[in-house]
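Reviewing the structure listed below.
The values are calculated or read from the model by the stated rules, or taken from the named source; none is laboratory data. Only a predicted model underlies this, so the values are computations on that prediction, with no experimental measurement involved. In this analysis, Cβ positions are derived from the backbone assuming ideal geometry, glycine residues included, and neighbour counts consider all displayed protein chains.
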Amino acid sequence: MRKADELIHDVVTYAQIPSARRRREIQRELTAHIEDFVDAARDAGHEEQEIELLLMAHFGDARQVAEGFLHVYRYERRTFLVFAYALSTLLIASSLLMAILGIQTGLAFGFGTPISELLASKHTVVQALDIVAFVAVYLGLTLLETQFERCRFQKAAIMLAAIGAVLTMSCRAMGFHPAFLFYGLITGLFFRAVRLFIPAEVARVGIVLVCFVLAGFSFALLRSPVSLVDLFVTCASWLALGMGYLLMSRLAPRVDAAVLDRLQRI
Amino acid sequence: MEIDTQFLKGSISLLLLHLLSRGELYGYEILQEASRRSANAFDFKEGTLYPALHQLEKKGQIKAEWRTAENGRKRKYYSLTPKGKKTAVAYERQWQHLTGAMAAILESK
């Protein structure tokens with residue numbers, strides 16, 4: 001019975017149960033139930049088409065059936081989503097860091113800046129923390145947005161800002177100043193807003209280009225004295241960072257979905 | 001008479017634990033048994049039954065096992081755990097108390 005198979009498939013899909021073993025078991029149990037229902041209907045003298053209609057009427061809407069399972073397995077689902085989120089963040093952040101460091105190393109090499117100075121500096125650690133914070137905020141926004149029906153970005157942004165404020169205050173209370181959290185929040189919100197509200201990719205590239213070159217320029221001027229080569233390298237480095245972030249904002253949801261899909265098969 | 005689903009949802013754990021206290025059953029048998037024993041008053045749907053069974057299993061009140069049924073097909077049989085037996089007794093007492101109190105209110109003039 002194709003409709004019965006579709007119904008079971010829909011129930012299992014909508015229920016969003018994280019464990020593949022559990023999904024298979026529910027599928028098997030519902031299939032067994034339908035077999036019994038069909039046997040009983042046949043014994044009662046119903047025609048095949050009639051049985052299908054009876055089954056659909058008795059089972060009800062797949063979403064309603066799934067809602068029950070969704071409620072039962074809500075804690076497992078939340079734990080699973082948090083785990084998938086952490087894994088995606090680490091995966092994307094490390095890839096992005098490698099790519100950005102690669103570009104920056106190339107730039108340093110091209111302009112004759114010692115590479116050891118770039119890679120073995122405190123700057124690299126700060127940059128790594130910034131990137132992790134940015135990816136965590138960006139993916140956190142996309143995850144939180146799915147929890148709301150309306151004004152998704154705005155509500156997710158407020159929630160994340162609140163979480164960020166609590167984390168910052170907790171860190172400060174322990175005598176640690178997490179500037180990367182603030183940086184992550186600002187860049188995460190900026191790139192999410194660019195991705196959501198600027199429809200054309202060319203315009204997005206333009207905005208990021210202007211903002212990041214200006215940011216690089218401002219940071220370079222803060223250092224004194226600054227040579228023209230230093231100014232150029234800093235601007236180019238910031239531009240590489242911005243473009244890396246923009247590319248990440250395009251690829252991250254796909255990577256996150258792929259990680260989620262892979263984990264759900266386990 | 002059709003029973004409001006909210007009434008049913010509140011009492012489904014008691015209903016399932018009680019049905020399973022008489023012996024192990026699989027999903028379809030539970031529906032049939034509930035319908036038969038209540039003279040078709042309880043005709044609840046799969047969407048109510050299976051999530052409720054999984055919830056009870058998660059709480060450790062019932063356990064499940066796949067076995068071959070009389071018709072030769074594999075079925076998932078549910079049975080009470082010791083914890084489930086205790087809960088069933090406690091729920092039945094609460095129910096008797098509640099229905100007694102409710103009846104007293106409804107019958108008072």
**Report entry** Conditions (1) in contact with a Lys or Arg (Cβ under 7 Å, 6 or more places away or on another chain); (2) within 11 Å of chain B (Cβ to nearest Cβ); (3) part of a helix (DSSP H, G or I): number failed by A:ILE17
**Finding:** (3)
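Every residue, every condition in (1) more than 30 Å from A:GLN147 (Cα to Cα); (2) within 13 Å of chain B (Cβ to nearest Cβ); (3) not in a helix (DSSP H, G or I); (4) not hydrophobic (A, V, I, L, M, F, W, C), yes or no:
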residue	(1), (2), (3), (4)
A:HIS9	no, no, no, yes
A:ARG22	no, yes, no, yes
A:GLU25	no, yes, no, yes
A:HIS46	yes, no, yes, yes
A:HIS58	yes, yes, no, yes
A:GLY68	no, yes, no, yes
A:LEU81	no, no, no, no
A:TYR85	no, no, no, yes
Query raised in the report: Residues B:ARG75, B:ARG67: which one is within 14 Å of chain A (Cβ to nearest Cβ) and loosely packed, with under 13 Cβ neighbours inside 10 Å?
Result: B:ARG67
Requested in this report: Could you check A:ARG24 against (1) at pLDDT below 85; (2) exposed (fewer than 15 other Cβ atoms within 10 Å of the Cβ) and say which number it fails?
Outcome: (1)
Query - segment B:87-109: number of residues that are in contact (Cβ under 8 Å) with a residue 24 or more places away in the chain and basic (Lys, Arg) - result: 0
Query - All helices (runs of 4 or more DSSP H) inside segment A:91-199 with 2 or more residues being of a type in the set (Asp, Glu) - result: A:122-145
Report task. Output the residue which, of all residues in segment A:209-266 that are of a type in the set (D, E, K, R) and loosely packed, with under 15 Cβ neighbours inside 10 Å, is nearest to A:PRO114 (Cα to Cα). Result -> A:ASP230
Report summary line: In the set A:ASP39, A:ASP61, the lone residue that is acidic (Asp, Glu), at pLDDT 85 or above and surrounded by fewer than 16 Cβ atoms within 10 Å (Cβ to Cβ) is A:ASP39
Requested in this report: Scan A:ALA41, A:ALA32 and give me the residue that is in a helix (DSSP H, G or I), more than 10 Å from chain B (Cβ to nearest Cβ) and without any contact (Cβ under 8 Å) to a residue 60 or more places away in the chain.
Outcome: A:ALA41
**Report entry** Residue under evaluation A:TYR73, criteria (1) crowded, with 18+ Cβ neighbours inside 10 Å; (2) touching a residue at least 40 places away in the same chain (Cβ under 8 Å); (3) more than 14 Å from every other protein chain (Cβ to nearest Cβ), criterion not met
**Finding:** (3)
Query raised in the report: From A:VAL135, A:VAL126, A:VAL82, A:VAL166, which residue is at pLDDT 90 or above and surrounded by fewer than 16 Cβ atoms within 10 Å (Cβ to Cβ)?
Result: A:VAL166
